[in-house]
1. For region 20-32, give me each residue that is modelled with pLDDT of 95 or more and either farther than 20 Å from Val100 by Cβ or in a loop (DSSP other than H, G, I, E, B) (or both).
2. Could you go through region 34-52 and let me know if any residue there is among the aromatic types (Phe, Trp, Tyr) and open to solvent by 50 Å² or more (accessible area, probe 1.4 Å).
3. Give Ser84, Ser62, Ser35 a once-over and let me know the one that is modelled with pLDDT of 95 or more, of a type in the set (Gly, Ala, Ser) and assigned to a strand (DSSP E or B).
4. For region 70-77, state whether one or more residues are open to solvent by less than 30 Å² (accessible area, probe 1.4 Å), in contact with a strand residue (DSSP E or B) (Cβ under 9 Å, 6 or more places away or on another chain) and part of a loop (DSSP other than H, G, I, E, B).
5. Taking region 89-112, which residues are among the aliphatic types (A, V, I, L, M), assigned to a strand (DSSP E or B) and open to solvent by 20 Å² or more (accessible area, probe 1.4 Å)?
6. What is the number of the single condition among (1) in contact with a strand residue (DSSP E or B) (Cβ under 7 Å, 6 or more places away or on another chain); (2) at positive phi that Leu4 does not meet?
Amino acid sequence: QVQLVESGGGLVQPGGSLRLSCVASGSIFSRNVMSWHRQAPGKERELVAAITADGGTNYADSVKGRFSISRDNAKNTIYLQMNSLKPEDAAVHYCRLTGVRVYWGQGTQVTVSS
């Protein structure tokens, strides 16, 4: 059973930065696509960024140039560096592992407000 645990969310002012982390249990981490998704109240969950096993990345247009996804396979961890945060970035952010099965973390809240 794979478990994903996110951390790093919080309250930040517009223009500020946060770094989210997601630690995965189990031995399948390094072979699979990892991604960050977010869901704001009343909206559908959307992809923010994804990273393949060999480090290839892709981003939602709304975060390109501001967010950066990375992974450390030795630590079974992925990161999401979020810079120049905007109020519209506020949401619960979820980590996801896509393999034979899909696993989700419990989410971490990001609030962007002055």
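The values are calculated or read from the model by the stated rules, or taken from the named source; none is laboratory data. As the structure is a computational prediction, the values presented were derived from the model and not from experiment. No Cβ is skipped: glycine too gets one built from the backbone with ideal geometry, and neighbour counts run over all protein chains shown. Side chains are part of the model used for accessible areas, which takes the heavy atoms of the whole protein and leaves out ligands, DNA and RNA. Shrake-Rupley method; radii C 1.70, N 1.55, O 1.52, S 1.80 Å.
1. Within region 20-32, Leu20, Ser21, Val23 meet the criteria.
2. The first filter runs over region 34-52 and keeps only residues among the aromatic types (Phe, Trp, Tyr), leaving 36.
Checking the rest, the ones that are also open to solvent by 50 Å² or more (accessible area, probe 1.4 Å) come to none.
Among the residues of region 34-52, not one is among the aromatic types (Phe, Trp, Tyr) and open to solvent by 50 Å² or more (accessible area, probe 1.4 Å), which makes the answer no.
3. Details: Ser84 fails: assigned to a strand (DSSP E or B); Ser62 fails: assigned to a strand (DSSP E or B).
When all the criteria are applied, what remains is Ser35.
4. The initial filter retains those residues of region 70-77 that are open to solvent by less than 30 Å² (accessible area, probe 1.4 Å), namely 77.
Checking which are in contact with a strand residue (DSSP E or B) (Cβ under 9 Å, 6 or more places away or on another chain) leaves us with 77.
Of the ones still in play, those that are also part of a loop (DSSP other than H, G, I, E, B) are none.
For region 70-77, residues open to solvent by less than 30 Å² (accessible area, probe 1.4 Å), in contact with a strand residue (DSSP E or B) (Cβ under 9 Å, 6 or more places away or on another chain) and part of a loop (DSSP other than H, G, I, E, B): absent.
5. Applying the first criterion (among the aliphatic types (A, V, I, L, M)) to region 89-112 yields 90-92, 97, 100, 102, 110, 112.
So of that shortlist, the ones also assigned to a strand (DSSP E or B) come out as 91-92, 97, 102, 110, 112.
Listed by number, the residues that qualify are Val92, Val102.
6. Only one criterion is unmet by Leu4, namely (2).
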